[in-house]
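Take a look at the structure below.
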Amino acid sequence: MKKELITELFEKFEAACNNVEGLECWSARDLQSTLGYKDWRNFSNIIKKASIAAETSGENVSDHFVGVNKMVELGSGSSREIQDVLLTRYACYLIAQNGDASKPKVAFAQTYFAVQTRKQELIEARLLEIARVNAREKLSKSEKKLSGIIYERGVDNRSFALIRSEGDKALFGGKTTQFMKRRLGVPSSRPLADFLSTLMIKAKDFATELTSHNVLDKDLTGDRSITREHVQNHLEIRNMLRKRGVVPENLPPSEDVKKVQRRLDGEEKKILKDLKKNKK
């Protein structure tokens, strides 16, 4: 395929992308034209095959293929309503995969949407990693804040460690911090939270913030009353999770958050380096 045609097709596919309520999508009618299909009926059959492939892959078809009607102008100056389908990038990829690969435009689309879908997956994965790192940093700040609050109310660092341990025990159904570390394969010298999922990190953070709030609001003092408050908050979070089908102690470990942070930092440096190169 000539470079000029590749450039032309790339620009066409990019220009055909629409934004509907913040979601990226393509019109099936536009895609039909771009891929070189003249008959809507034939193209509709390809859309059906693609939707079946999505369903077979375990996807919710309605998340990727949305039937709509739209008005089109006729040569006489009048207009009529026609059927259309709004497609996600993933849906477009499946349509291209079910199309006639002997057509140069379809062959290009197969590669284009495969690459772009992979890019989107990488972006989504990176955003999830950033969210987990940020959640961990937030938990550290919340624990530091609670430590400062209760230190002024007769609780030293040793007692604070015991309070946190009792909170973990309540959250994990009676399992101690050390028990959970062994279960998840966490080094004894590392915090348990570094190997928890984003959900559990946020659960611990919310319970900790509740303790900070209530210690001040209820004017609690001393180890016993503050421990009771901290445990109760973790129990409430646990009960909420259990009602939603989540058993905290049964969740698998997540990748070491420090390792994730190092990877993100490395990627950030590479991106900045590439940007500087492109400016020269």
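Taking into account only those residues within segment 156-183 that are at negative phi and not in a helix (DSSP H, G or I), which is surrounded by the fewest Cβ atoms within 10 Å (Cβ to Cβ)?
ASP156
Condition check for VAL186 on (1) closer than 28 Å to ILE130 by Cα; (2) part of a helix (DSSP H, G or I); (3) over 22 Å from the mean Cα position of the chain (by Cα); (4) modelled with pLDDT of 95 or more: one failure, at (2). Sub-9 Å Cβ pairs linking a first residue in segment 107-127 that is within 16 Å of TRP26 (Cβ to Cβ) to a second residue that is crowded, with 16+ Cβ neighbours inside 10 Å and of a type in the set (Lys, Arg), at least 6 apart or interchain, are PHE113/ARG89; GLN116/ARG89; THR117/ARG89; GLN120/ARG89, ordered by first then second residue. Restricting segment 73-105 to residues that are surrounded by fewer than 21 Cβ atoms within 10 Å (Cβ to Cβ), at pLDDT 80 or above and among the hydrophobic types (A, V, I, L, M, F, W, C), the residue that is farthest from LYS49 (Cα to Cα) is ILE82. ALA131 falls short on exactly one of the conditions (1) at pLDDT 95 or above; (2) under 18 Å from VAL257 (Cβ atoms), and that condition is (1). Quick one: would you say GLU229 is at pLDDT below 95 and touching a helix residue (DSSP H, G or I) at 6+ places or on another chain (Cβ under 7 Å)? Here the answer is no, as GLU229 does not meet what is asked.
THR117 - would you say it is in contact with a helix residue (DSSP H, G or I) (Cβ under 6 Å, 6 or more places away or on another chain), modelled with pLDDT of 95 or more and surrounded by 14 or more Cβ atoms within 10 Å (Cβ to Cβ)? Criteria not met by THR117.
Which of the residues belonging to segment 189-203 are assigned to a loop (DSSP other than H, G, I, E, B) and touching a Leu at 6+ places or on another chain (Cβ under 7 Å)?
Passing the criteria: only SER197.
What do you reckon, is GLN120 in contact with a strand residue (DSSP E or B) (Cβ under 9 Å, 6 or more places away or on another chain) and in a helix (DSSP H, G or I)? Judged against the criteria, GLN120 is a match.
The values are calculated or read from the model by the stated rules, or taken from the named source; none is laboratory data. Just so it is clear, the structure is predicted and the values come from calculations on it, not from any experiment. Cβ: placed from backbone, ideal geometry, glycine included. Neighbour counts: every protein chain shown.
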